[in-house]
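Engineer: The structure is given below, and queries will be raised subsequently.
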Amino acid sequence: MQIHSTQLVDTFAEAFKMWGARVIITGETSGWALAAARSMTGFATSVIGCKCEAGIERELSPEQTPDRRPGASVLLFAMDKEGLSKRLVERIGQCVMTCPTTACYNGLDTETTVVVGGQLRYFGDGFQASKKLAGRRLWRIPVMDGEFLVDERFGVQPAVGGGNLLVVGEDIRATLEATQAAVRAMREVEGVILPFPDGIVRSGSKVGSKYKSLMASTNVGYCPSLRGIAQATNLEDNAHCVLEIVIDGLDLAAVEEAMRRGIQAAAGAGIKQISAGNYGGNLGQFKIELHRLAQDRPVAA
Amino acid sequence: MSLHVSLHTSPEVPLEAEVLCPDRVQGLHSAEVAKLLVYHGNEKAALGDFFKVSGKGDPEIRIEGNLKLVKHIGAGMTHGRIEIEGPVGSHLGAGISGGEIRVHADAGDWVGPEMKGGRILIEGNAGHMVGSAYRGSTVGMREGEIIVTGNVGNEIGNAMRGGLIAIGGDSGDFAGVNMRAGTIIVLGQLGIRTGAGMKRGSIVSMHEAPVLPTFTYACTYHPLYLRFYLLHLLGLGLKVVEAQLRGRYRRYSGDAVELNRGELLFYAG
């Protein structure tokens, strides 16, 4: 299938079941809220090496936050809810509680919840206090600028991780421009994050390695410098750069919508192909077929 | 269709009418409701001796009349709604655990004593002992909300252990006496000896008030959690201004004769 001058490869992205949480961070200024959000989402690109994947979903105006201060919404994903619970406690404790003026609230209304503030409260050394209003318990943890306010429980829900697009371009400049355009378009979708630096990853991986201790290694078939060395390449002769966009979302529909927008935004001059990474359909629970997305048809799980 | 109850004969002495409660009338026809037992002083009587009853018992009851001598309305309520047009007597909503009672006039003493949940709204003044423990009891209100738009008397939140008492006007003396936890917010003036004997909990006022010597000034800061409460009260129609939402509060810790973990917060601009 062609979109403008770009070939959309007839393949699918293989995505996985994960668990997700939405964290609302507020601060005295949007700058402080974002400082905490950036800190909390640092070193959270891939569950393989970081135990979770996280990103800033969007900035929030005072009217959109529970305490009417400027804020940011962060999505955090892990492979199971136990792991997600641990990462929430670690990252909120180390990155939000430490940041001046911030507070941290649950952003998901779900049946399943995990205790976060109820664990962080012990930092208060016995001086912590809770407030319960309309069924919601907030912990007040004394800190040096006043109090850190945090929800006792955070909602968690089944989610989708590992949606992806591979943008195959003629050179680094064209490929960067196309992927950055795709990232801008995809970030408009609520409920998704792109966990890699500025949404883009160059070190796409395949499962396994010649080294037994590694569970993943470089995606040989998409490395232009290995054309002619590796046994097989996925690249056309005039493709010299590949960048990937990984998408995690609170549900499949959000991931699909982000991918659909990404495809449309990335296609064009200088981009030879748009493809997606998969493992033959044997590992992931979701197959997101690119042609169906481009034809605006719903994709079955 | 809700149950409509209208006073036709004023009681001469207090009338104990805890039957006026959704839990007691649900599923009953008006004639059955009119036969329910009430106590006129120490004499047994039927509800219909004093009230005209129409409609069918369902989770909503509407009550009209000068009910100053009618006590225990809604006592023990677990769900539903009671709407009252006219001044109401004491022990309104005693021990309720759910539902909502709204009074479009004044209420007497002992509004919501030892309540465990639900909400009571008084669009007027209320008497003493709002949300308190009964004499001899160690725990008052445990959960839920009591909102009074006007003024209240003494000892509101006596021994309360949770929930919210919010007063749009002034309160009398000993607000939050022996308080164990929970939140009292008085948008007007507090009386004297606020929080005497309190262990934990918060008493907030938008005005300075006399502080017992067993309380210690801590700091002037912005307690962020208070925004949740003030926004909540704003949504319920109380007059909260933007400056109070964003303002700083003087914090006093006490009562040192007890755990010293309670707080008084006075708006400081």
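The values are calculated or read from the model by the stated rules, or taken from the named source; none is laboratory data. Keep in mind the model is a prediction, meaning the values are calculated, not measured. Every residue, glycine among them, receives a Cβ derived from its backbone with ideal geometry; neighbour counts consider all protein chains shown.
Yes/no matrix, rows are residues, columns are (1) over 15 Å from B:Ile167 (Cα atoms); (2) of a type outside the set (A, V, I, L, M, F, W, C):
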| residue | (1), (2) |
| --- | --- |
| B:Val204 | no, no |
| B:Val211 | yes, no |
| B:Tyr229 | no, yes |
| B:His232 | no, yes |
| B:Lys239 | no, yes |
| B:Ser253 | yes, yes |
| B:Glu258 | yes, yes |
| B:Ala268 | yes, no |
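Engineer: Hey, could you check segment A:115-157 for residues that are touching a Phe, Trp or Tyr at 6+ places or on another chain (Cβ under 6 Å) and away from chain B (no Cβ under 14 Å) and say which is nearest to A:Glu82 (Cα to Cα)?
Structural biologist: Checked segment A:115-157; the qualifying residue nearest to A:Glu82 (Cα to Cα) is A:Val156.
Engineer: Out of everything in segment B:162-183 that is within 13 Å of another protein chain (Cβ to nearest Cβ) and closer than 17 Å to B:Leu234 by Cβ, what residue ends up being surrounded by the fewest Cβ atoms within 10 Å (Cβ to Cβ)?
Structural biologist: Only one residue fits best here, namely B:Ala166.
Engineer: Also, I was wondering about something else. Do you know which residues across segment A:182-207 are hydrophobic (A, V, I, L, M, F, W, C) and surrounded by 18 or more Cβ atoms within 10 Å (Cβ to Cβ)?
Structural biologist: In the first step, residues of segment A:182-207 are kept if they are hydrophobic (A, V, I, L, M, F, W, C); the result is A:182-183, A:185-186, A:189, A:192-194, A:196, A:200-201, A:207.
Those that are hydrophobic (A, V, I, L, M, F, W, C) and surrounded by 18 or more Cβ atoms within 10 Å (Cβ to Cβ): A:Ala182, A:Val183, A:Met186, A:Val189, A:Val192, A:Ile193, A:Leu194, A:Phe196, A:Ile200, A:Val201.
Engineer: Let me ask another. Do we have B:Arg250 as within 24 Å of B:Ile146 (Cβ to Cβ) and surrounded by 15 or more Cβ atoms within 10 Å (Cβ to Cβ) here? Talk me through it step by step, then tell me what you get.
Structural biologist: Details: within 24 Å of B:Ile146 (Cβ to Cβ): no; surrounded by 15 or more Cβ atoms within 10 Å (Cβ to Cβ): yes.
Criteria not met by B:Arg250.
Engineer: Sticking with this one: Inside segment B:206-222, can you point out the residues that are touching a Ser or Thr at 6+ places or on another chain (Cβ under 8 Å) and crowded, with 19+ Cβ neighbours inside 10 Å?
Structural biologist: Matches in segment B:206-222: B:Ala209, B:Val211, B:Phe215.
Engineer: Residues of segment B:1-18 being in contact with a Lys or Arg (Cβ under 6 Å, 6 or more places away or on another chain) and not in a loop (DSSP other than H, G, I, E, B), which ones?
Structural biologist: Of everything in segment B:1-18, those that are in contact with a Lys or Arg (Cβ under 6 Å, 6 or more places away or on another chain) and not in a loop (DSSP other than H, G, I, E, B) turn out to be B:His4, B:Ser6, B:Glu16.
Engineer: Next question. Taking the criterion of being of a type outside the set (D, E, K, R), closer than 25 Å to A:Met18 by Cα and either surrounded by 21 or more Cβ atoms within 10 Å (Cβ to Cβ) or at pLDDT 95 or above (or both), would at least one residue in segment A:232-245 satisfy it?
Structural biologist: Quick first cut of segment A:232-245, residues of a type outside the set (D, E, K, R) only: A:232-235, A:238-243, A:245.
Still in the running and closer than 25 Å to A:Met18 by Cα: A:243, A:245.
Next cut, either surrounded by 21 or more Cβ atoms within 10 Å (Cβ to Cβ) or at pLDDT 95 or above (or both) only: A:243, A:245.
Yes - at least one qualifying residue is present in segment A:232-245.
Engineer: Do any strands (runs of 3 or more DSSP E) lying entirely in segment A:130-230 carry at least 2 residues that are modelled with pLDDT of 95 or more and within 21 Å of A:Cys241 (Cα to Cα), and which ones are they? I'd like the intermediate steps shown before the answer.
Structural biologist: On the way: elements: A:136-143, A:146-151, A:153-155, A:157-169, A:205-207, A:216-218.
Correct list: A:157-169.
Engineer: Follow-up question, since we're still on this one. What strands (runs of 3 or more DSSP E) lie completely within segment A:1-67 and have 1 or more residues being among the polar types (S, T, N, Q) and in contact (Cβ under 8 Å) with a residue 24 or more places away in the chain?
Structural biologist: Correct list: A:6-8, A:12-26.
Engineer: Let me ask another. In segment B:190-215, what residues are within 14 Å of chain A (Cβ to nearest Cβ) and either within 16 Å of B:Asn151 (Cβ to Cβ) or of a type in the set (Val, Ile, Thr) (or both)?
Structural biologist: B:Ile203, B:Val204
Engineer: Sticking with this structure for a sec: With B:Glu60, B:Glu64, B:Glu43, B:Glu85 as the choices, which residue is of a type outside the set (A, V, I, L, M, F, W, C) and free of Cβ contacts under 8 Å to residues at least 12 places away in the same chain?
Structural biologist: Selected residue: B:Glu43, the only one of B:Glu60, B:Glu64, B:Glu43, B:Glu85 that is of a type outside the set (A, V, I, L, M, F, W, C) and free of Cβ contacts under 8 Å to residues at least 12 places away in the same chain.
Engineer: Output the residue which, of all residues in segment A:86-114 that are assigned to a loop (DSSP other than H, G, I, E, B), in contact with a Gly (Cβ under 9 Å, 6 or more places away or on another chain) and within 15 Å of A:Ile24 (Cβ to Cβ), is farthest from the other protein chains (Cβ to nearest Cβ).
Structural biologist: The qualifying residue farthest from the other protein chains (Cβ to nearest Cβ) is A:Thr110.
Engineer: Can you confirm whether A:Gly93 is surrounded by 16 or more Cβ atoms within 10 Å (Cβ to Cβ) and under 13 Å from the mean Cα position of the chain (by Cα)?
Structural biologist: Here the answer is no, as A:Gly93 does not meet what is asked.
Engineer: Okay, next question. Considering each of A:Thr41, A:Thr26 in turn, give the residue that is crowded, with 21+ Cβ neighbours inside 10 Å and within 18 Å of A:Ala78 (Cβ to Cβ). Can you show your working first?
Structural biologist: On the way: A:Thr26 fails: within 18 Å of A:Ala78 (Cβ to Cβ).
Exactly one of A:Thr41, A:Thr26 is crowded, with 21+ Cβ neighbours inside 10 Å and within 18 Å of A:Ala78 (Cβ to Cβ), namely A:Thr41.
Engineer: Continuing with the same structure: With the checklist (1) β-branched (Val, Ile, Thr); (2) away from chain A (no Cβ under 14 Å); (3) surrounded by fewer than 20 Cβ atoms within 10 Å (Cβ to Cβ) in hand, flag the one item B:Val241 doesn't pass.
Structural biologist: (2) is the only condition that B:Val241 fails.
Engineer: How do the pairs read when you match residues in segment B:218-238 that are facing chain A (nearest Cβ under 9 Å) with residues anywhere that are of a type outside the set (D, E, K, R) and part of a helix (DSSP H, G or I), using Cβ under 6 Å and keeping only pairs 6 or more apart or on different chains?
Structural biologist: Close Cβ pairs satisfying both conditions: B:Arg227/B:Leu245.
Engineer: Of all residues in segment B:223-238, how many are surrounded by fewer than 17 Cβ atoms within 10 Å (Cβ to Cβ) and in contact with a helix residue (DSSP H, G or I) (Cβ under 9 Å, 6 or more places away or on another chain)?
Structural biologist: Of the residues in segment B:223-238, 2 are surrounded by fewer than 17 Cβ atoms within 10 Å (Cβ to Cβ) and in contact with a helix residue (DSSP H, G or I) (Cβ under 9 Å, 6 or more places away or on another chain).
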